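*Asks:* Here it is, the structure in full.
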Amino acid sequence: MTKGQKKGTLSILVIGMILGVVLWGGFNWTLELTNTEEFCISCHEMRDTPYEELQDTIHFTNRTGVRATCPDCHVPKEWVYKVIRKIKASNELYHHFVVKDVDTPEKFEAKRLELAQHVWKAMKDTDSRECRNCHDFDSMDFDRQEARAAERHQEAIDNNYTCIDCHKGIAHHLPEGYEPETPGGEGDGEED
Amino acid sequence: MFHSQLHELMEMKMKKRLAIAIAASGLILAMGTPAIAGEKVASLRGAHDLVATSLKPIKAKVISREGGFERSYKQQPPMIPHKIDKYRITIKNNGCMKCHDEKHYKKERAPLVSESHFIARDGTKLDHISSRRYFCTQCHAPQKNAQPLVKNEFEGLK
């Protein structure tokens, strides 16, 4: 290798590194920028229905003043899962700009059961990971919960049920046609 | 001569105007402050002070009671022994039936709505909640630990 060649490889390496840092930083920066509630509700589909309804719930205002925003429940915290979710989100762009199949509240209602089912499935698959970023059975003081909550939570721990099994519709209204389910099989309605 | 007469006339006119202006403003003042007249009339409110009745409201929380509240009489819609702010009753869904319907009540350890809730107006038994019983909170209410304003010695059905 001549001196000039050496210099060349070195500079390519340096430029590559700088470029990498910039791109990487920019990538993470956009990742952060698109991970805010403001970004989510910049689309009217997200603002008109999900955001409107969220404001009536305990995750918006409560006695402790801790608020859960859209990404808290819908976007994973871990980097790998976050990137995967972001790639999936390009589908939302497609539906927003091209398909426009939920661009009015009426159309949103019509497709809502399907969308909700996607979310339920995603949460079931991850064992309600996003809920568990804030909530944890280990940190719950069952003595301070309502009896019916404490009893069911003990049952959930014993049988490995996950939050979304029992807590559907905590952040938005439930879709029309939703049939409640109870984890661990349903009672047959007959007396024991 | 003519000049001084005119001057006098003008002075008189001005004094008159001033008097009218004072009288008018006195009248306006009197009308604007009816309290002066009110002093002699007793208020319907009596000795009760307006400020005294606007004390800070006592904050009472919804009570959760295991086993429920006792009923005061037969056929009383039982009181709700838990919080209900999470559950919505809309045209699409009835949040109460997530626990109180036939399919789920056992798992949820909740009492099943009674049979009367499935009877339609014409007396037929339905397999879903009757529209006459759809709006649960029309008859059932959660309870707060509010002290009765008037002493009451009524004893409920035991």
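Readers should treat all values here as calculations from the given coordinates under stated rules, not as data from a laboratory. Given the structure is predicted, the values throughout are model-derived calculations rather than measurements. For neighbour counting, all protein chains shown are included, and Cβ atoms are generated from backbone atoms with ideal geometry for every residue, glycine included.
*Asks:* To the nearest 20 debye, what charge dipole does region A:19-166 have about its Cα centre, counting +1 at the Cβ of each Lys and Arg and -1 at the Cβ of each Asp and Glu?
*Replies:* With Lys and Arg at +1 and Asp and Glu at -1, about 460 debye.
*Asks:* Rank the residues B:His48, B:His117 as a footprinting-exposure proxy: fewest other Cβ atoms within 10 Å of their Cβ go first.
*Replies:* Numbers: B:His48 10, B:His117 19.
Least crowded to most crowded, the residues run B:His48, B:His117.
*Asks:* Can you bin region A:19-166 into rounded, prolate or oblate? Criterion: square roots of the alpha carbon gyration tensor eigenvalues sorted a ≥ b ≥ c, rounded for a/c under 1.5, prolate for a/b above b/c, oblate for the rest.
*Replies:* prolate
*Asks:* Only residues of region A:43-64 count here: report those whose backbone N is under 14 Å from the spot 7 Å along Cα→Cβ of A:Asp103, or say none.
*Replies:* Inside the label zone: A:43-46.
*Asks:* Where a ≥ b ≥ c are the square roots of the eigenvalues of the C-alpha gyration tensor, would you call region A:52-135 rounded, which needs a/c under 1.5, or, failing that, prolate if a/b is larger than b/c, or oblate?
*Replies:* Details: a/c = 1.96, a/b = 1.26, b/c = 1.56.
Because a/c hits 1.5 or more and a/b fails to exceed b/c, region A:52-135 counts as oblate.
*Asks:* Taking GluC sites (Glu not before Pro) as candidate sites, keep only those in a DSSP loop with at most 13 other Cβ atoms within 10 Å, then name the longest stretch of chain A containing none of them. Could you put the intermediate results ahead of the total?
*Replies:* Details: sites that count: A:Glu78, A:Glu176, A:Glu190, A:Glu191.
Answer from the scan: A:79-175.
*Asks:* Report ³J(HN,Hα) in whole Hz for each residue of region B:112-128, in order, from the Karplus equation J = 6.51 cos²θ - 1.76 cosθ + 1.60 where θ = phi - 60°; Gly and Pro get x.
*Replies:* The phi angles translate into 6, 4, 6, 4, 3, 6, 10, 8, 7, 4, 7, x, 6, 8, 9, 9, 9 Hz.
*Asks:* Here is a further query. Aspartates and glutamates near B:Lys59 by alpha-carbon distance under 20 Å, same-chain residues fewer than 8 away left out - which ones?
*Replies:* Of all the aspartates and glutamates, those that pass the test against B:Lys59 - Cα under 20 Å, at least 8 places apart if same chain - are A:Glu146, B:Asp85.
*Asks:* Just from its helices, what would the mean residue ellipticity at 222 nm be for chain A, if runs of 4 or more DSSP H residues each count -39500 (n - 2.57) and the sum is divided by every residue, rounded to the nearest 500 deg cm²/dmol? Numbers along the way, then the final one.
*Replies:* On the way: 8 runs with 98 residues, N = 192.
Mean residue ellipticity at 222 nm (helix-derived): -16000 deg cm²/dmol.
*Asks:* Over 29 Å between Cα atoms, which of A:Lys111/B:Lys61; A:Lys124/B:Lys107; A:Lys107/A:Lys168; A:Lys86/B:Lys103 qualify? Present the calculation step by step, with values, prior to reporting the outcome.
*Replies:* On the way: A:Lys111/B:Lys61 38 Å; A:Lys124/B:Lys107 20 Å; A:Lys107/A:Lys168 21 Å; A:Lys86/B:Lys103 39 Å.
Those over the limit are A:Lys111/B:Lys61; A:Lys86/B:Lys103.
*Asks:* In addition: Which distance in nm do the two modelled labels at B:Ala141 and A:Lys6 give, with both placed 7 Å along the Cα-to-Cβ direction?
*Replies:* Taking the simple label geometry, B:Ala141 and A:Lys6 are separated by 9.1 nm.
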